[in-house]
Amino acid sequence: MREAPGQGPGDRPGEGPGSLPRLQRSGDATQLVVDGAPFLVRGGELGNSSAERAHLRSSWPKLEALGLNTVVAPVRWDLVEPVEGTFDWSSVDELVEDVQEHRMRLVVLWFGTWKNSMSCYAPDWVKSDVDRFPRCRTSTGEPLEMLTPFSTANRDADARVFAALMRHLREHDRRHTVVLVQVENEIGMIPEARDRSPEAEAAFTSSVPAELLAHVREHGGRLAPELAPAWEALASTGGGSWADALGEGPATDELFMAWHFARYVQAVVEAGKAELDLPMYTNAALVRPGALPGQYPSAGPLPHLVDVWRAGAPSLDFIAPDIYFPDFAGWAGRYARTGDPLFVPEALRSVDAAANALYAYGAHSAIGFSPFGIESIEGDAAELLAAANDVVRQLTPLMTAHAGDGRMTGLLPPADDMRTPHRVRVGEVVLDVTYERQSAPSLADGVINEAGDRSTDGRRLPAGAVVVRTGQDELVVGGIGVTITFSPTQLGQERVGILSCEEGRFDEDGAWRHLRWLNGDETHQGRHVRLPPGRMTVQRVRLYRYR
């Protein structure tokens, strides 16, 4: 087997059976542990129709050059169970074999009942039997291309095939190439907030489930603040229907659907984990600002609904966001707030992916980051993502060692037009950060780039970094387009200066390889640490205090 560029020990599946991948708490963070060691998913999600062997064959050199250690790819219900009860595992086996051949890991996306709300990957025998496998319906009675979560036949058919998939992986993936499993894909109700099928209408007029009421009463003030009035109403209700407890309207409809989507997923997850207890999650399509339930894929595992999903699907290990909106830091923070580990299975494959990845790992000890349609990435976006993945590979031992201990952070511009430095605290040091998203003229080397929106080559570049505090006054900084000055946390006469700054890299065994000292022009004569725009670098910084 050939070794992919930029990979190190721990990235590659072993030759024999290893330990089952699992999630493990570390300080205030949760880590993915693979073959007994913390593992960061440097992922890329394939396009939905790009995971078949013949199509994917030509993409492997690119995936290797990007420095990926994990491929995120769909497994389709219609392909693995073309006839009810008869399984064809060829597409699964080919995918696992090809990932193993290229010394990577695999995150399986189960495209079962729902993919982006719709049921387009259900097999023919499910789609064509509308009496046995009923659909969601609109308020006018029109059927949707969406299997209803209120049907036990729908749920049990999905649970059976998913259990068969996990059983097959248990028997045929003994090297544990598969490290995570996503159950369904971007579940959500659209174009209305609530299913109006007969089964759904009966459930809506039934009492709010006791399990949900107990969860709300037990967790009280720890629930998502966006729905505080709903939690108060549920905590105080003595019973009755959803409308009795919460009133009529889209918000109630969304809570109702979220509970029943979660219960459906819980049955599927339970069936799968009984065969192979891999970490499992469900992902969410996010909400556009101002949109109401039904105008977006509502009732999915969104941050304001995390408590409903946690109560309804307790066997899920976490929920995950697909972040395509510009406010990456905001959405990442909302998911990190839930207490679940942050994993981003889908993200834009733009130039910003490089900086967003560094931020996710640094700010939130993310277990993984994965741009979508990775086989199609080109140009600057591909080059910069490869460089970011190399930084992540170098810093993985440091980042996993300091996950959740408060000695690590990520840097990302809070806004495009920043008037003052971005202030971030790491331990007893305050970082004042400015960002450069444009390449600078050569005369600006080592000093702050004041080009603004002007650029010598017209490119808009990413800016972001990971910062790890490795000692009392020692830092490792990896990233691009970031300038940092330092100050103490307590105001007074004491100042923080740069004792030394060096550029280098960590090799595969974790040893630091010095490249050059940067104490002169590159640090503006000791005034700041600068990671220049357009190029990923890793720098080691020693600080000192003076009066």
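The values are calculated or read from the model by the stated rules, or taken from the named source; none is laboratory data. It should be emphasised that the depicted structure is a prediction, and the values quoted were computed from it without experimental measurement. A quick note on method: Cβ atoms are made from the backbone with ideal geometry, for glycine too, and the neighbour counts reach across all protein chains shown.
If you go through segment 515-540 and pick out every residue that is part of a loop (DSSP other than H, G, I, E, B), of a type in the set (S, T, N, Q) and under 32 Å from the mean Cα position of the chain (by Cα), you end up with 0.
Looking at Val161, is it within 24 Å of Gly43 (Cα to Cα) and among the β-branched types (Val, Ile, Thr)? Judged against the criteria, Val161 is not a match. Is one or more of the residues making up segment 177-188 at negative phi and surrounded by fewer than 21 Cβ atoms within 10 Å (Cβ to Cβ)? Within segment 177-188 (the criterion being at negative phi and surrounded by fewer than 21 Cβ atoms within 10 Å (Cβ to Cβ)), the answer is no, since none of the residues qualifies. Here's a check for you: in segment 391-418, which residue that is touching a strand residue (DSSP E or B) at 6+ places or on another chain (Cβ under 6 Å) and in a helix (DSSP H, G or I) is farthest from Val41 (Cα to Cα)? In this case the residue turns out to be Leu398.
At pLDDT 95 or above, part of a helix (DSSP H, G or I) and surrounded by 22 or more Cβ atoms within 10 Å (Cβ to Cβ), is that true of Val72? The answer is no for Val72. Here Val476 clears all of (1) in a strand (DSSP E or B); (2) under 22 Å from Thr409 (Cα atoms); (3) without any contact (Cβ under 8 Å) to a residue 12 or more places away in the chain except the condition numbered (3). For segment 108-118, which positions are surrounded by fewer than 23 Cβ atoms within 10 Å (Cβ to Cβ) and out of contact with any Phe, Trp or Tyr (no Cβ under 8 Å at 6 or more places or on another chain)? Residues satisfying the conditions are Asn116, Met118.
Within segment 131-174, track down each residue that is surrounded by fewer than 18 Cβ atoms within 10 Å (Cβ to Cβ) and either over 24 Å from Phe87 (Cβ atoms) or of a type in the set (Ser, Thr, Tyr) (or both). Correct list: Asp131, Thr138, Ser139, Thr140, Gly141, Glu142, Pro143, Glu145, Thr152. Surrounded by fewer than 16 Cβ atoms within 10 Å (Cβ to Cβ) and closer than 26 Å to Ala381 by Cβ - does that describe any residue in segment 473-490? No, segment 473-490 contains no residue that is surrounded by fewer than 16 Cβ atoms within 10 Å (Cβ to Cβ) and closer than 26 Å to Ala381 by Cβ.
Of all residues being in a loop (DSSP other than H, G, I, E, B) and in contact with a strand residue (DSSP E or B) (Cβ under 7 Å, 6 or more places away or on another chain) in segment 305-323, which is nearest to Tyr359 (Cα to Cα)? Just the residue, please. I'd like the intermediate steps shown before the answer.
In the first step, residues of segment 305-323 are kept if they are in a loop (DSSP other than H, G, I, E, B); the result is 313-317.
Going one step further and asking which of them are in contact with a strand residue (DSSP E or B) (Cβ under 7 Å, 6 or more places away or on another chain), we end up with 316-317.
Details: Leu316: 25, Asp317: 23 Å.
The extreme case among them is Asp317.
The residues of segment 317-346 that are buried (at least 22 other Cβ atoms within 10 Å of the Cβ), over 22 Å from Val467 (Cα atoms) and among the hydrophobic types (A, V, I, L, M, F, W, C), listed by number, are Phe318, Ile319, Ala320, Ile323.
Table: residues versus (1) within 25 Å of Leu278 (Cβ to Cβ); (2) in contact with a helix residue (DSSP H, G or I) (Cβ under 6 Å, 6 or more places away or on another chain).
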{"residue": "Lys127", "(1), (2)": "no, no"}
{"residue": "Glu142", "(1), (2)": "no, no"}
{"residue": "Leu147", "(1), (2)": "yes, yes"}
{"residue": "Ala159", "(1), (2)": "yes, yes"}
{"residue": "Ala163", "(1), (2)": "yes, yes"}
{"residue": "Leu169", "(1), (2)": "yes, no"}
